1. Take PRO97 and decide whether it is at pLDDT below 85, under 15 Å from PHE192 (Cα atoms) and either of a type in the set (Ser, Thr, Tyr) or surrounded by fewer than 20 Cβ atoms within 10 Å (Cβ to Cβ) (or both).
2. Looking only at helices (runs of 4 or more DSSP H) that lie completely in the stretch 1-79, which have at least 2 residues being surrounded by 21 or more Cβ atoms within 10 Å (Cβ to Cβ)?
3. Please find, within the stretch 152-164, the residue that is nearest to THR31 (Cα to Cα) out of those that are in contact (Cβ under 8 Å) with a residue 40 or more places away in the chain and surrounded by fewer than 18 Cβ atoms within 10 Å (Cβ to Cβ).
4. Yes or no: SER152 at pLDDT 85 or above and closer than 22 Å to SER47 by Cα?
5. So GLY21 passes all but one of these: (1) modelled with pLDDT of 90 or more; (2) out of contact with any helix residue (DSSP H, G or I) (no Cβ under 6 Å at 6 or more places or on another chain). Which condition number does it fail?
6. I'm checking my understanding of the structure. Among residues of the stretch 171-185 that are in a helix (DSSP H, G or I) and hydrophobic (A, V, I, L, M, F, W, C), which one is modelled with the lowest pLDDT?
7. State which residue is surrounded by the most Cβ atoms within 10 Å (Cβ to Cβ) when the search covers only the stretch 186-208 and only residues that are at pLDDT 85 or above and among the β-branched types (Val, Ile, Thr).
Amino acid sequence: MIFLTFFLGVFANFVGYIPPGNINLSLVQLTINRGMKQAIQFIIAFSCVEFFFTFFIMHAAKWLSAQVRLDTVIDWVMVILFGVLGVVTWMHRNKTPEGKTYSERASIKYGILLGFLNPMQIPFWMITGTYLITHQWIDDSGLDLVIFSIGSAGGAFLCLFLYAKFASFIQKKFALSNRFINTGIAILFFAFAAYHIFKQIYLIFFKH
(Lines give C-alpha, C1' and ligand atoms only; values in the text may rest on other atoms or scores of the structure.)
Protein backbone atom coordinates (compact mmCIF):
# COMPACT_ATOMS: atom_id res chain seq x y z
CA MET A 1 0.00 0.00 0.00
CA ILE A 2 2.93 2.36 0.64
CA PHE A 3 4.09 2.12 -2.97
CA LEU A 4 0.54 2.57 -4.26
CA THR A 5 0.07 5.65 -2.08
CA PHE A 6 3.40 7.06 -3.29
CA PHE A 7 2.60 6.52 -6.96
CA LEU A 8 -0.89 7.96 -6.48
CA GLY A 9 0.79 11.14 -5.26
CA VAL A 10 3.24 11.14 -8.17
CA PHE A 11 0.51 10.59 -10.76
CA ALA A 12 -1.98 13.05 -9.27
CA ASN A 13 0.44 15.96 -9.04
CA PHE A 14 2.13 15.18 -12.36
CA VAL A 15 -1.27 15.54 -14.00
CA GLY A 16 -1.98 18.63 -11.89
CA TYR A 17 0.99 20.51 -13.35
CA ILE A 18 0.43 19.61 -17.01
CA PRO A 19 -2.01 22.49 -17.75
CA PRO A 20 -0.19 25.84 -18.21
CA GLY A 21 -0.27 28.00 -15.10
CA ASN A 22 1.78 30.48 -13.12
CA ILE A 23 4.29 27.84 -11.99
CA ASN A 24 5.16 26.07 -15.23
CA LEU A 25 5.07 29.28 -17.30
CA SER A 26 7.41 30.96 -14.81
CA LEU A 27 9.67 27.92 -15.06
CA VAL A 28 9.67 28.07 -18.88
CA GLN A 29 10.69 31.73 -18.71
CA LEU A 30 13.40 31.02 -16.14
CA THR A 31 14.78 28.09 -18.18
CA ILE A 32 15.06 30.17 -21.33
CA ASN A 33 16.53 33.23 -19.61
CA ARG A 34 18.86 31.54 -17.10
CA GLY A 35 19.48 27.99 -18.34
CA MET A 36 18.86 24.45 -17.06
CA LYS A 37 21.09 24.70 -13.99
CA GLN A 38 18.99 27.50 -12.50
CA ALA A 39 15.82 25.70 -13.63
CA ILE A 40 16.81 22.53 -11.73
CA GLN A 41 17.51 24.59 -8.60
CA PHE A 42 14.06 26.18 -8.93
CA ILE A 43 12.38 22.78 -9.41
CA ILE A 44 14.09 21.18 -6.40
CA ALA A 45 13.22 24.11 -4.12
CA PHE A 46 9.65 24.24 -5.39
CA SER A 47 9.17 20.47 -5.01
CA CYS A 48 10.36 20.60 -1.38
CA VAL A 49 7.74 23.25 -0.61
CA GLU A 50 5.17 21.19 -2.55
CA PHE A 51 5.53 18.39 -0.01
CA PHE A 52 4.37 20.67 2.83
CA PHE A 53 1.78 22.38 0.62
CA THR A 54 0.19 19.05 -0.35
CA PHE A 55 0.27 17.75 3.21
CA PHE A 56 -1.51 20.83 4.55
CA ILE A 57 -4.12 21.10 1.78
CA MET A 58 -4.92 17.37 1.85
CA HIS A 59 -5.21 17.45 5.63
CA ALA A 60 -7.65 20.37 5.35
CA ALA A 61 -9.38 19.28 2.10
CA LYS A 62 -12.78 18.55 3.65
CA TRP A 63 -12.79 21.81 5.62
CA LEU A 64 -11.66 23.87 2.61
CA SER A 65 -14.34 22.36 0.36
CA ALA A 66 -16.96 23.58 2.85
CA GLN A 67 -15.83 27.22 2.59
CA VAL A 68 -18.35 28.70 0.14
CA ARG A 69 -16.40 31.88 -0.62
CA LEU A 70 -13.02 30.22 -1.11
CA ASP A 71 -13.34 29.90 -4.90
CA THR A 72 -14.03 33.64 -5.21
CA VAL A 73 -11.02 34.51 -3.06
CA ILE A 74 -8.80 32.21 -5.12
CA ASP A 75 -10.02 33.79 -8.37
CA TRP A 76 -9.11 37.31 -7.24
CA VAL A 77 -5.76 36.15 -5.84
CA MET A 78 -5.07 34.61 -9.26
CA VAL A 79 -6.01 37.89 -10.98
CA ILE A 80 -3.45 39.74 -8.85
CA LEU A 81 -0.78 37.04 -9.23
CA PHE A 82 -1.15 36.65 -13.00
CA GLY A 83 -1.37 40.44 -13.40
CA VAL A 84 1.86 41.02 -11.47
CA LEU A 85 3.68 38.23 -13.32
CA GLY A 86 2.41 39.60 -16.64
CA VAL A 87 3.54 43.15 -15.89
CA VAL A 88 6.99 42.04 -14.66
CA THR A 89 7.49 39.75 -17.66
CA TRP A 90 6.33 42.44 -20.10
CA MET A 91 8.65 45.04 -18.59
CA HIS A 92 11.64 42.69 -18.89
CA ARG A 93 10.75 41.24 -22.30
CA ASN A 94 13.56 43.10 -24.11
CA LYS A 95 16.29 42.16 -21.65
CA THR A 96 18.68 39.43 -22.74
CA PRO A 97 20.55 37.12 -20.35
CA GLU A 98 23.86 37.32 -22.23
CA GLY A 99 26.67 38.37 -19.91
CA LYS A 100 24.34 38.59 -16.92
CA THR A 101 25.20 36.59 -13.82
CA TYR A 102 22.64 35.35 -11.35
CA SER A 103 23.04 34.48 -7.70
CA GLU A 104 23.36 30.76 -6.98
CA ARG A 105 20.44 31.09 -4.58
CA ALA A 106 18.20 33.31 -6.75
CA SER A 107 16.32 30.42 -8.37
CA ILE A 108 16.07 28.56 -5.06
CA LYS A 109 14.44 31.58 -3.42
CA TYR A 110 12.14 32.00 -6.42
CA GLY A 111 11.11 28.33 -6.23
CA ILE A 112 10.34 28.62 -2.52
CA LEU A 113 8.36 31.83 -3.08
CA LEU A 114 6.21 30.37 -5.85
CA GLY A 115 5.82 27.18 -3.82
CA PHE A 116 3.85 29.19 -1.29
CA LEU A 117 2.19 31.49 -3.86
CA ASN A 118 0.41 28.62 -5.57
CA PRO A 119 -3.35 29.21 -5.26
CA MET A 120 -4.19 27.28 -8.45
CA GLN A 121 -3.35 24.02 -6.68
CA ILE A 122 -5.81 24.63 -3.82
CA PRO A 123 -8.98 23.78 -5.81
CA PHE A 124 -7.12 20.92 -7.52
CA TRP A 125 -6.23 19.28 -4.20
CA MET A 126 -9.65 20.09 -2.75
CA ILE A 127 -11.27 18.02 -5.51
CA THR A 128 -8.57 15.35 -5.83
CA GLY A 129 -7.96 15.10 -2.10
CA THR A 130 -11.63 14.84 -1.19
CA TYR A 131 -12.14 12.14 -3.83
CA LEU A 132 -9.14 10.05 -2.73
CA ILE A 133 -9.99 10.35 0.97
CA THR A 134 -13.72 9.71 0.50
CA HIS A 135 -13.04 6.61 -1.60
CA GLN A 136 -10.46 5.45 0.97
CA TRP A 137 -7.54 5.43 -1.44
CA ILE A 138 -5.53 7.22 1.24
CA ASP A 139 -5.96 8.04 4.91
CA ASP A 140 -5.84 11.77 5.70
CA SER A 141 -3.83 11.18 8.85
CA GLY A 142 -0.60 9.45 9.72
CA LEU A 143 1.96 7.81 7.43
CA ASP A 144 -0.33 7.56 4.38
CA LEU A 145 -0.55 11.31 3.96
CA VAL A 146 3.22 11.76 4.42
CA ILE A 147 3.97 9.14 1.74
CA PHE A 148 1.36 10.65 -0.57
CA SER A 149 2.86 14.13 -0.09
CA ILE A 150 6.34 12.81 -0.89
CA GLY A 151 4.90 11.30 -4.07
CA SER A 152 3.21 14.61 -4.84
CA ALA A 153 6.56 16.42 -4.57
CA GLY A 154 8.05 13.80 -6.89
CA GLY A 155 5.23 14.26 -9.40
CA ALA A 156 5.71 18.03 -9.38
CA PHE A 157 9.47 17.59 -9.89
CA LEU A 158 8.99 15.19 -12.81
CA CYS A 159 6.41 17.31 -14.63
CA LEU A 160 8.31 20.57 -14.16
CA PHE A 161 11.58 18.94 -15.21
CA LEU A 162 9.94 17.84 -18.46
CA TYR A 163 8.59 21.39 -18.92
CA ALA A 164 12.12 22.79 -18.49
CA LYS A 165 13.63 20.27 -20.91
CA PHE A 166 10.90 20.99 -23.46
CA ALA A 167 11.41 24.76 -23.14
CA SER A 168 15.15 24.35 -23.67
CA PHE A 169 14.56 22.06 -26.66
CA ILE A 170 12.07 24.44 -28.30
CA GLN A 171 14.40 27.41 -27.90
CA LYS A 172 17.34 25.56 -29.47
CA LYS A 173 15.28 23.85 -32.18
CA PHE A 174 13.53 26.96 -33.46
CA ALA A 175 16.09 29.57 -32.37
CA LEU A 176 13.37 31.69 -30.78
CA SER A 177 14.47 35.02 -29.32
CA ASN A 178 14.10 35.71 -25.61
CA ARG A 179 12.01 38.76 -26.48
CA PHE A 180 9.54 36.64 -28.47
CA ILE A 181 9.22 34.02 -25.71
CA ASN A 182 8.94 36.57 -22.88
CA THR A 183 6.30 38.51 -24.80
CA GLY A 184 4.32 35.32 -25.41
CA ILE A 185 4.48 34.32 -21.74
CA ALA A 186 3.44 37.84 -20.64
CA ILE A 187 0.41 37.67 -22.95
CA LEU A 188 -0.53 34.28 -21.49
CA PHE A 189 -0.28 35.69 -17.95
CA PHE A 190 -2.58 38.60 -18.92
CA ALA A 191 -4.97 36.17 -20.63
CA PHE A 192 -5.21 34.01 -17.49
CA ALA A 193 -5.84 37.11 -15.36
CA ALA A 194 -8.58 38.22 -17.79
CA TYR A 195 -10.15 34.74 -17.65
CA HIS A 196 -10.52 34.91 -13.86
CA ILE A 197 -11.95 38.45 -14.08
CA PHE A 198 -14.56 37.48 -16.68
CA LYS A 199 -15.36 34.33 -14.70
CA GLN A 200 -16.23 36.43 -11.65
CA ILE A 201 -18.19 38.95 -13.76
CA TYR A 202 -20.23 36.07 -15.19
CA LEU A 203 -20.87 34.51 -11.77
CA ILE A 204 -21.86 37.84 -10.20
CA PHE A 205 -24.00 39.41 -12.95
CA PHE A 206 -25.19 36.67 -15.29
CA LYS A 207 -25.46 33.36 -13.43
CA HIS A 208 -28.73 33.02 -11.55
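The values are calculated or read from the model by the stated rules, or taken from the named source; none is laboratory data. Quick caveat: nothing in here was measured; it's all calculated off a predicted structure. Glycine gets a Cβ as well: all are built from the backbone with ideal geometry, and neighbour counts include every protein chain shown.
1. The answer is no for PRO97.
2. Working: elements: 2-16, 22-34, 36-59, 61-65.
So the answer is 2-16, 22-34, 36-59.
3. Among those residues, the one meeting the criterion is PHE161.
4. yes
5. If we test GLY21 against (1) modelled with pLDDT of 90 or more; (2) out of contact with any helix residue (DSSP H, G or I) (no Cβ under 6 Å at 6 or more places or on another chain), just (1) comes out false.
6. Pass one, the stretch 171-185, residues in a helix (DSSP H, G or I): 171-174, 178-185.
Pick out the ones that are also hydrophobic (A, V, I, L, M, F, W, C) and you get 174, 180-181, 185.
Details: PHE174: 69, PHE180: 79, ILE181: 80, ILE185: 84.
Checked the stretch 171-185; the qualifying residue modelled with the lowest pLDDT is PHE174.
7. ILE197
Quick grid of which residues meet (1) over 25 Å from VAL84 (Cβ atoms); (2) among the aromatic types (Phe, Trp, Tyr):
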site: LYS172; (1), (2): yes, no
site: ARG179; (1), (2): no, no
site: ASN182; (1), (2): no, no
site: ALA186; (1), (2): no, no
site: ALA191; (1), (2): no, no
site: HIS196; (1), (2): no, no
site: GLN200; (1), (2): no, no
site: PHE206; (1), (2): yes, yes
